[in-house]
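Below is one structure; the comments refer to it alone.
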Amino acid sequence: MREDDVQILNERVTFSLRQVCQTCRVDRAFVHELVAEGIIQPREERDAEWYFDGVSLVRIRKAYRLHYELDVNLPGVALALELLDRLEGKSRG
Amino acid sequence: MEYTDYYKTLGVERGTSKEDIKHAYRRLARKYHPDVSTEPDAEARFKEVGEAYEVLGDEEKREAYDNLGANWQEGQNFRAPPGWEQQFSGSRFGTEDFSDFFESMFGRQRQAPRGPQQGSDQQATLEVTLHQLYAREPIELTLDAQKLMEDGRYQRHKKRLKVTIPPGIEHGQSFRLKGQGNPGGNGGQPGDLFIELRVRPDPKFRLEGSDVHSDVTVAPWLAVLGGEINVITLGGNVSLKVPAGSKSGSRLRLKGRGLSGGDHYVTLQIDVPQPVTEAQRRLYRELANLQEKADAGR
């Protein structure tokens, strides 16, 4: 395994919306819905493009799975993720 | 191949109503969903439950499955009945990852792709001890993965992978291994593998990001007079100077002795030893008298 094929998905890495969609295999509309629901937040906006950190990327994948695999609607996904965070003791305040 | 008892998978009787099958599926899907579940084999169980519902939740498929008869046992050697035609196509479930048994009954759930097809991504959890995280030795991970057969079909198999924990990663964070997901079809790129790291609680150390915390018990005279103590860190024993006048709860830092550049913090706990001999008791009394005099003279 090459070192550069390994990437930690934390607050220190940034992905453009295009990269997020490619990596998570979701469409832009889904990411927009998650932002509208307050499930993720873009870290910044540059040249009319959103940028997200690695934590958000992991969250998008989780949200996608919960939404499609458990048939949970987005407010339900938001609630589930919040409760999972709380269980983990990493409340985002 | 082996017969799969889908009713058993969902924990329902044959002849159960469509509604009850749906309820059973929903309940088990929530129980075993890998993002929610704490069960050790959640991922595999979630797939089994999904496959069972793919069949029993669909009237046509359920009827075909029921037509095999009720005498089959889970795990029994199975061959599709003669004249069986694969009349099924399309999948509501959206995954191509079904068992051989399923595929022999209902055919491949995916149309043969014309162009290169990217392999699907995989998700795994890596649970490590604090010592494994510190040592960063490669850890073997077993995944339920797909293998691309010569005829272009996918088959399930147990994939074993040695994973090196990337430096600087913390508990609860994920990392991505590019190209370590399921293989692509028709020369397509493989998918990625996403691994969530979980660090098991340790009886001696607490973790805060890359800093390690531990408690060390010292005698009262050491806290008052100062001195050197031995501290167990992840990298081994280290001697630490305790300054005179330290209090219970005082925190001392061992720089760079935590995880990947983090520090190790020692919290002092002062333990007052119970006197055993008369001489010790006498000295305690003497100390008490001196303290009273000192307080009165203030």
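What to note about this one:
- Residue list for the range B:30-50, restricted to those being in a helix (DSSP H, G or I), more than 10 Å from chain A (Cβ to nearest Cβ) and not small (Gly, Ala, Ser): B:Lys31, B:Tyr32, B:Glu43, B:Arg45, B:Lys47, B:Glu48, B:Val49
- Set side by side, the residues B:Ala219, B:Ala223 differ, and just one is farther than 14 Å from B:Ala124 by Cα, surrounded by 18 or more Cβ atoms within 10 Å (Cβ to Cβ) and in the same structural domain as B:Ala244 (by TED's automatic domain parsing), which is B:Ala223.
Condition check ((1) exposed (fewer than 12 other Cβ atoms within 10 Å of the Cβ); (2) on the phi < 0 side of the Ramachandran plot; (3) modelled with pLDDT under 95; (4) not in a loop (DSSP other than H, G, I, E, B)) across all residues:
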| position | (1), (2), (3), (4) |
| --- | --- |
| B:Arg198 | no, yes, yes, yes |
| B:Leu207 | no, yes, yes, yes |
| B:Asp215 | no, yes, no, yes |
| B:Glu228 | yes, yes, no, yes |
| B:Ser239 | yes, yes, no, yes |
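- Test: residue in the range B:55-63 that is loosely packed, with under 11 Cβ neighbours inside 10 Å, modelled with pLDDT of 90 or more, in contact with a helix residue (DSSP H, G or I) (Cβ under 9 Å, 6 or more places away or on another chain) and away from every other protein chain (no Cβ under 14 Å): yes
- Residue within the range A:71-91 that is under 30 Å from B:Glu208 (Cα atoms), charged (D, E, K, R) and surrounded by 18 or more Cβ atoms within 10 Å (Cβ to Cβ) present: no
- Some residue of the range A:18-31 being within 12 Å of chain B (Cβ to nearest Cβ), crowded, with 19+ Cβ neighbours inside 10 Å, free of Cβ contacts under 8 Å to residues at least 40 places away in the same chain and within 29 Å of B:Glu137 (Cβ to Cβ): yes
- For beta carbons closer than 9 Å, sequence separation of 6+ or different chains, a first residue in the range A:37-62 that is more than 14 Å from every other protein chain (Cβ to nearest Cβ) and of a type outside the set (A, V, I, L, M, F, W, C) and a second that is surrounded by fewer than 13 Cβ atoms within 10 Å (Cβ to Cβ) and outside any loop (DSSP other than H, G, I, E, B), the qualifying pairs are A:Glu37/A:Pro75; A:Glu49/A:Arg18; A:Tyr51/A:Glu44; A:Tyr51/A:Glu45.
- Whether a residue is modelled with pLDDT of 95 or more and of a type outside the set (S, T, N, Q) was assessed, and A:Asp47 does not pass this test.
The values are calculated or read from the model by the stated rules, or taken from the named source; none is laboratory data. Note that the coordinates shown come from a computational prediction; the quantities given were computed from them, not determined experimentally. Every residue, glycine as well, gets a Cβ built from its backbone with ideal geometry; the counts of neighbours run over all protein chains shown.
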